[in-house]
Structure formats: C-alpha cells, structure tokens
1. If you scan the range 345-354, which residues turn out to be in contact with a helix residue (DSSP H, G or I) (Cβ under 7 Å, 6 or more places away or on another chain), closer than 19 Å to Ser367 by Cβ and surrounded by fewer than 24 Cβ atoms within 10 Å (Cβ to Cβ)?
2. For the range 427-486: of the residues being assigned to a helix (DSSP H, G or I) and among the polar types (S, T, N, Q), which is surrounded by the fewest Cβ atoms within 10 Å (Cβ to Cβ)?
3. Say we look at the range 167-199 and pick out the residues that are of a type in the set (Asp, Glu) and surrounded by 15 or more Cβ atoms within 10 Å (Cβ to Cβ); which of these is farthest from Asn297 (Cα to Cα)?
4. Could you go through the range 122-138 and let me know if any residue there is at pLDDT 90 or above, over 36 Å from the mean Cα position of the chain (by Cα) and not in a helix (DSSP H, G or I).
5. With the structure loaded, tell me whether Met420 is surrounded by 19 or more Cβ atoms within 10 Å (Cβ to Cβ), within 30 Å of the chain's Cα centre (by Cα) and either in the same structural domain as Met145 (by TED's automatic domain parsing) or more than 30 Å from Ile165 (Cβ to Cβ) (or both) or whether it fails that test.
6. Any idea how many residues of the range 323-338 are among the acidic types (Asp, Glu) and surrounded by 15 or more Cβ atoms within 10 Å (Cβ to Cβ)?
7. Can you pull out the residues in the range 76-117 that are touching a Leu at 6+ places or on another chain (Cβ under 7 Å) and closer than 19 Å to Leu20 by Cα?
8. Go over the candidates Leu62, Leu20, Leu72 one by one and state the one that is assigned to a helix (DSSP H, G or I), assigned by TED's automatic domain parsing to the domain that holds Val117 and touching a Ser or Thr at 6+ places or on another chain (Cβ under 7 Å).
Amino acid sequence: MSEFVLGTGQKQTLRNILRLVEADIVKREGVPRRIRLWTDKIVIEVKRPDLHGDFEHYDIVLPKDLDETHTLVQFAESHPNEITLEDQEYSWRIISPPKDKAFTPQILEAINTLSTVVSLPEVWRAEGHDFRVENINVEMLFHAMVQYHASDVHLTSGLNPVFRIDNDTRYSEIMTPLSSVQILDLVQRIAPLGFWEEFENYKQTSFSYHQAGVGYARVSAFIKHGTPHCTFRYLPEKVPSFEELNVPPEQMQALAKTPRGLIIISGMTGSGKTTTMAALVDWINTHKSLHILTIENPVEYVHVNKKSIVSQRSLGSDVGSFAEAVTGALRHDPDVILIGEMRDPDTIRAAINAAATGHLVISTLHSNTSYEVVNRIVSFFDPIERDLVRLQLRDCLKGVICQRLVPRIGGGRVPALEFMFNDIKPIGDAILKGDTDLIRVGMQQTVSHSILFETYLLKMFKANVIDLERARETCTDVSVFDQMRMGTYSVPRLDSIKGV
C-alpha cells in the first residue's frame, strides 16, 4: 500500500476519476478491492466485494462551505434510495448505498449525476487497499515452466505471470493477475538467510532456489516504480550433455581436455552461456579426477561429485566478490576454476593470473563474436596496462566460444556457435596486436580448428535445422555467408590485411 499523486484533469466524473486511479494502482500494486483518494478538503473511499467489476460502496466527505450546498441537499432528497447525506459538524458525508439498501445500477447513475452537482478537483492523492493475498504456488510455477518449455517467468503487479518461450513473452491464460503483496510474500518465503534483508535495504537481490524433483531457478527480485518484480530463470536438476544441447562434442571436448589456461564462453544475455559452461564443467567432472571450484552469483546449476570433487561458492553467502574468491581459490588446491562472469578489471586480472599459474579457468563475458573478446577484455583496463594484458592473453587464452540462439525449424531454439582456438601463431600474434580483423582471418586458416558463425550456420542450414532467413539474420557478415552458400567464398590470406 503506497500513496501517490495523480492528476485526473478537469470536469471528470467521479467514476472516470476512479478508473484512472485504479489503472495506476493496478500497475503499481495489483488489483484493489478498496481505494481511498483525497485532497485537503475531500475524502473518498470506495469498496467492492471482488477484485473486478464496479465499486459498490461509496463514502464521500465534502467540506461544509461548498458553493453547491443547496444543490447537494436537493440532490440527496431526490435520491433517497441511492444516497444518504449526513450533516456532520464540519462536513457533509455521502454514503451510497444507504444503510440496509442493496447495490443497484441506479446507484452508479446517481454517482455520475453527483459529479455534475459537486465540483471535483483535478489532482488527487490516492492509495489502494485489500489486494490479493493468497500465496503464489512456487511448485506450480516450476511445473508451468517445464510444461511450456519456458526459460523464464516474470511476476509483476497487476499482470498474470509472463513466461519467456523461445525468446517471446507470453501471458499465462490460467493464472490470475498478481499483487505486490503476493510477490513480496513470495520473495520473503523463498529467499535464503540475508537475501531478504538485502532486498529491503538495496531494493534488489539475486539468489538460487531449488524446487526438489523439478529444478533450480536463479531468482532476481527488484523494485520498479515502487513496486516489486520477480524473475525466475529455470535450470533443470540434471546438467544437460553436449548432445542434449546440440553443441558439437568434438570441439567442446577439445576445450574440456585443456589442462590449463583460460576458456571464455561469450554471447549476449540469454544466449545460453551458463548452460554451455555447466555442460563443459559436467564433462570434466565425469571424465577427470580433479578439484573443480566454482564462483557464481548466485550458484545456478548444482553439480554433484562424480569423478571430480566440485566446490561451489556463491557471492554474498560464501564470499564477498569474484576477485576476492579467485585470489583465495589459489590456496584451495583447485585444478579448474569456474568464474560466473568476468565483469571488472580485478576479476579479469585474477582470472588471467590463475590461468597463468597452471589452472584451467572457465568464465563468461558479454561479446557479439569470439574474436572481439580480446579487445572487450582489454577495454576494462587503463591504457598503460593494455599491452601487458594482451601479452598475457596471448599466452594463456586457449579458446573462446561465442553463442547465439536461433529459432529451429519446427519450433524451439538451437545454439549457433563460433569457436576461436588460440592454436596457431597468426592468431596468437593477432591477439598480441589486439587486431580483431587479423584474428578473424587467422580463424579461417585450415590449420586452425576455429569455426566462424557463418560456417556453423551454413552447416545447420544445409542440415535443415534452421531456415535461410534465420541463418542470414544470425550470422555476423551476411555477404560472407551468401558467398559460402554459393561456393564462391575465398578464405582471405594472412598478408591481405594491413600489410601483414
């Protein structure tokens, strides 16, 4: 319940004012059963028995010094079955329907007529009351995400739950509109110790939630325009394999078998980086006897110990920051260090140092292509440090996967991948120079195991997995893709750029 100020305009009927106020309340907190609005002279309270339909009870307090007092009295005398006018010490009080009278459509007509009798202000203070309070069924949300094959569900005041399915948002046709009371109650019920306090203090929080037997979710709760919003990102209990993700096992296993160095999984938000990284770690866990240490915010996919030992740490509850956790990890005897996201210079510096000291470091980064990753990393640092960072990346960066999700023929989405392996000298030299064009040319040399998006998408198109329109939309360079499709593309020579 929060107070707000709303301008409704001049010469509005009371029922129109209520519609405008209710619409604002619904956006902020959900559908109310009761509304109170007031100015320094007028107070109005309306109620209804349900969360829909017209308001059926009106309680209006007006000042005694109204210019329209005589007309108001006459109006009340002519509508004895619709309103009661009480003469109080300092005010007039209108009650509709009168005591012991039932609500009728004539009451709504009388209220509209009253609006022509009394001049109503154009600016109001208002607040809603008596919202929906029943608990949101978390298990039902999880089962709905599984049933709809949804990646996310959004809970916001005044709307039915909104599911993200194949990157499109769709409103639930079964569940009812939610209130801010319900959403706040849900966050408080499922938040681990300390995270509800974080939400109250900082107006946002993020944590992992487990619905036993169904799956996990990364829960993100925040405040927008004074009202809560909560998002669940669904994660299955079982980590999917490379085959289940439709990613090429040969290239993925080549990266997973890397004994040391830095592996980066890049792509835009929602492209499946977390799932691909989890599959990579699960393969290592299944096939190698190592100590795998993960640092996440929050822990998303939960790994069980298989051939390896997996230690998962969550920011906030287990450690203060990514950089602090990575620095400390070097004393925990890890073989593999997973960093949820490289988002600041300290974390990136710690990750590079860990990779340079003989550990395998796996992390994610936002980037459109694999060959842009180097300059994206370097951009986090001051100019004086950048040459050193490029030198370190040349020596420790083993591979980059960049991922985009493409609509599949027949429904659903499938990942399109670009692999940049730092496996030939021209690519290493291009990394040292920070030259993305040279890196892209180096990736196309036959001696490298790298794969461009255009090559990967062409293969998917020829396999009838995706259609031509989607392939062309997703690739980085449409002209290169079209030339590859027509068989006229010629791989550029290494010395064709900048006089190399």
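The values are calculated or read from the model by the stated rules, or taken from the named source; none is laboratory data. Keep in mind that what you see is a predicted model, and the values were worked out from it rather than measured. Reconstructed Cβ throughout: ideal geometry from the backbone, glycine too, with neighbour counts over all protein chains shown.
1. Once the filter is applied, which keeps residues that are in contact with a helix residue (DSSP H, G or I) (Cβ under 7 Å, 6 or more places away or on another chain), closer than 19 Å to Ser367 by Cβ and surrounded by fewer than 24 Cβ atoms within 10 Å (Cβ to Cβ), the range 345-354 yields Thr347, Ile352.
2. Ser479
3. Filtering the range 167-199 for residues that are of a type in the set (Asp, Glu) and surrounded by 15 or more Cβ atoms within 10 Å (Cβ to Cβ), the one farthest from Asn297 (Cα to Cα) comes out as Asp185.
4. yes
5. yes
6. Residues flagged as among the acidic types (Asp, Glu) and surrounded by 15 or more Cβ atoms within 10 Å (Cβ to Cβ) within the range 323-338 amount to 2.
7. Ile111, Leu114, Ser115
8. Leu20
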